[in-house]
Structures are given as C-alpha cells and as structure tokens.
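Asker: Right, I'll just put the structure down here and ask away after.
The values are calculated or read from the model by the stated rules, or taken from the named source; none is laboratory data. Model, not experiment: these values are computed from the prediction. Positions of Cβ are generated from backbone atoms using ideal geometry, with glycine treated the same way; all protein chains shown enter the neighbour counts.
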C-alpha cells in the first residue's frame, strides 16, 4: 500500500475508534503513530509515548497502527 492509502485507512480507523483523533510524531529515533491526542504535560503519557516502538518510515508506523490499533 502506498502512503496515501495508509493515511486514509488510518483516518477511517481514527474516526471509528477515537472520534477522528490520530497522532503522528517524528523523532530522531523514528516515527510513532497512534490513535488519540496525547497530553504531553502529563508524565504518564510522555512515558507511554517513549515506550512505544519507533519505525524508520511513516509507512511502517502506519502499518503498525492498522495492525495493532494502538492508542494513548
């Protein structure tokens, strides 16, 4: 699947599961994509994001989301 299709599928999943909330973060270590909107002012959510797997590409991160439905 190409990036456009993956993003569309992620958007549909987000509408179904989290009222459309979808987060895509890019760090030096890679991409992290998950359902929901993080509150980075809360230590617990920062730690949860830190503990998530990172992916080298956005495509890999989106495929992981579609397989796992990971949310924050």
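Asker: So is residue 62 part of a helix (DSSP H, G or I), modelled with pLDDT of 95 or more, crowded, with 17+ Cβ neighbours inside 10 Å and out of contact with any strand residue (DSSP E or B) (no Cβ under 7 Å at 6 or more places or on another chain) or not?
Answerer: Numbers: part of a helix (DSSP H, G or I): yes; modelled with pLDDT of 95 or more: yes; crowded, with 17+ Cβ neighbours inside 10 Å: yes; out of contact with any strand residue (DSSP E or B) (no Cβ under 7 Å at 6 or more places or on another chain): no.
Taking the combined requirement at face value, the residue does not satisfy it.
Asker: Another question about this same structure. Could you list all residues from segment 1-45 that are touching a strand residue (DSSP E or B) at 6+ places or on another chain (Cβ under 8 Å) and assigned to a helix (DSSP H, G or I)?
Answerer: The answer is 10, 11, 13, 14, 17, 18.
Asker: In segment 47-65, what residues are within 9 Å of the chain's Cα centre (by Cα) and touching a residue at least 40 places away in the same chain (Cβ under 8 Å)?
Answerer: 62, 65
Asker: Now, a different point. Please count how many residues of segment 12-39 are exposed (fewer than 15 other Cβ atoms within 10 Å of the Cβ), touching a helix residue (DSSP H, G or I) at 6+ places or on another chain (Cβ under 6 Å) and either under 11 Å from residue 71 (Cβ atoms) or modelled with pLDDT under 95 (or both).
Answerer: Residues that pass the stated criteria total 1.
Asker: Give me the pairs: first residue in segment 19-46 and free of Cβ contacts under 8 Å to residues at least 12 places away in the same chain, second residue part of a loop (DSSP other than H, G, I, E, B) and loosely packed, with under 13 Cβ neighbours inside 10 Å, beta-carbon distance under 8 Å, and six or more apart or on different chains, which are they?
Answerer: Here the result reads 46/40, each pair linking segment 19-46 to a residue that is part of a loop (DSSP other than H, G, I, E, B) and loosely packed, with under 13 Cβ neighbours inside 10 Å.
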